[in-house]
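What follows is one structure encoded as structure tokens, with my remarks underneath.
The values are calculated or read from the model by the stated rules, or taken from the named source; none is laboratory data. Since the model is a prediction, treat every value here as computed from it, not as a measurement. Neighbour counts run over all protein chains shown; Cβ positions are idealised from the backbone, glycine included. Only protein heavy atoms, including side chains, enter the accessible area calculation; ligands, DNA and RNA are left aside. Shrake-Rupley method; radii C 1.70, N 1.55, O 1.52, S 1.80 Å.
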Amino acid sequence: MIEEQGTSTDPSGRPGPRPIAVGALSAPRWIRLVPFLVSSLLYLSVFFAVFAPVPLLLLRYRAGWRWQVSALLTNALIVGLLGGLPSAGLFLATIGTCSAFLPYALERFRGRPDRAIGATVGAMMLAVLAGAGGMWAVSGRHPVRELKTAAQTVVQKLREVSGTPASQWTQTPEELQRELLVELPSGALILSLLLVWANMLVLTRVSPGLGRNVVGAPEGFFKRWRNPDWMVWPTIVAGFSLLSDFGPVSDVGINVFKVLMALYGLQGMAILAWILDVWQVKGLIRTCLFVLIATTGVPLLLAMGFFDLWFDFRAKFRQS
């Protein structure tokens with residue numbers, strides 16, 4: 001609980017602060033029922049699935065963990081009815097773990113939301129592995145074989161959608177399938193990282209009190225955030241995996257390189273947000289610029305984040 005100014009009175013009759021739930025917003029009680037449906041709809045929409053944990057997280061801070069667990073199980077049931085049992089299991093392992101573990105991680109790493117995000121991503125990966133192992137134990141369906149089948153299906157769909165004759169493809173279907181499977185670990189980690197990071201930003205924007213009193217991060221933390229300086233060297237070493245094929249070593253290096261560059265991409269987004277603040281770009285124009293650059297200028301964001309160690313873009317823009 002946090003203390004906010006309200007109209008309640010203490011025993012002496014003087015007005016005093018009224019305790020409210022952390023991050024709560026003024027809304028009727030029936031609003032608590034909205035997360036029992038919205039999270040599953042966001043998840044099934046695919047395009048907005050990254051924001052599926054937001055209703056559950058807001059419910060956790062408005063009404064408590066019991067309401068959150070009830071809403072989570074209800075949404076998982078809806079996903080299972082509409083998308084099947086595997087989809088419900090993936091919903092629980094990803095969206096469920098994010099919404100349930102992130103509040104604990106924020107309390108554990110108070111003042112360091114970046115560490116809380118990392119711990120939540122790790123918990124999501126463990127939950128996915130546990131779910132795959134449970135599926136194998138219960139149904140006898142081997143996770144690796146299922147992944148190979150899924151990769152084959154994805155390649156076939158890509159060939160159908162592209163409409164390009166097979167003779168014009170630069171890679172055979174088998175090579176594409178192997179590439180998908182090799183880069184699956186980094187892809188899963190990056191998607192999980194973006195999911196947790198995005199929900200953290202949405203929470204702190206929707207309820208500033210949450211950022212101050214629960215996250216414990218100083219104002220503008222995400223705009224000033226940067227990776228440790230030493231991380232540039234493993235990134236460079238892993239980048240050599242893209243130059244030649246060293247077998248399994250290159251496969252590991254490619255995954256490490258992509259995850260580290262994703263972290264530099266987040267640093268680039270932090271620099272972009274800081275620059276927009278310096279230029280006093282606000283409102284709809286700021287949102288449109290941010291979305292445009294974040295979706296079409298990914299190489300620019302990666303370069304800004306990676307070379308920030310040497311150029312310190314925020315300091316240069318501050319001077320200009």
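The number of residues in region 290-310 that are farther than 19 Å from Trp197 by Cβ and surrounded by 11 or more Cβ atoms within 10 Å (Cβ to Cβ) comes to 3. Residues in region 227-246 that are outside any loop (DSSP other than H, G, I, E, B) and among the aromatic types (Phe, Trp, Tyr) were compared, and the one that is surrounded by the most Cβ atoms within 10 Å (Cβ to Cβ) is Phe240.
In region 128-149, the residues that are touching a residue at least 60 places away in the same chain (Cβ under 8 Å) form Cβ pairs under 8 Å with partners that are of a type outside the set (Lys, Arg) and open to solvent by less than 50 Å² (accessible area, probe 1.4 Å), at six or more places apart or across chains, as follows: Val128/Ala93; Val128/Thr94; Val128/Ala188. Checking Gln280 against (1) open to solvent by 80 Å² or more (accessible area, probe 1.4 Å); (2) over 19 Å from Gly305 (Cβ atoms); (3) assigned to a helix (DSSP H, G or I), which single condition isn't satisfied? Here Gln280 meets the rest and fails (3). Annotation note: of Lys223, Lys157, the sole residue that is charged (D, E, K, R), closer than 30 Å to Pro53 by Cβ and over 21 Å from the mean Cα position of the chain (by Cα) is Lys157. Closer than 21 Å to Leu203 by Cβ and of a type in the set (Phe, Trp, Tyr) - does that describe any residue in region 131-151? No, region 131-151 contains no residue that is closer than 21 Å to Leu203 by Cβ and of a type in the set (Phe, Trp, Tyr). Of the residues contained in region 198-209, one or more are found to be free of Cβ contacts under 8 Å to residues at least 24 places away in the same chain and either aliphatic (A, V, I, L, M) or touching a Phe, Trp or Tyr at 6+ places or on another chain (Cβ under 6 Å) (or both). Screening Ile275, Ile254, Ile293 for residues that are touching a residue at least 40 places away in the same chain (Cβ under 8 Å), under 24 Å from Thr235 (Cα atoms) and in a helix (DSSP H, G or I) leaves exactly one candidate, Ile254.
I want to confirm something. Restricting to region 261-271 and keeping residues that are open to solvent by less than 30 Å² (accessible area, probe 1.4 Å) and within 18 Å of Glu219 (Cβ to Cβ), which single residue is farthest from the chain's Cα centre (by Cα)? The residue in question is Ile271.
Reported count of residues in region 52-91, each being open to solvent by 80 Å² or more (accessible area, probe 1.4 Å) and modelled with pLDDT of 90 or more, is 8.
Taken together, the residues in region 98-142 that are under 24 Å from the mean Cα position of the chain (by Cα) and open to solvent by less than 50 Å² (accessible area, probe 1.4 Å) amount to 23.
May I ask you to list the residues in region 53-86 that are outside any helix (DSSP H, G or I) and in contact (Cβ under 8 Å) with a residue 40 or more places away in the chain? Result: Gly64, single match. Look at (1) of a type in the set (A, V, I, L, M, F, W, C); (2) at pLDDT 90 or above; (3) more than 29 Å from Gln319 (Cβ to Cβ) and you find that Trp233 fails only one, number (3).
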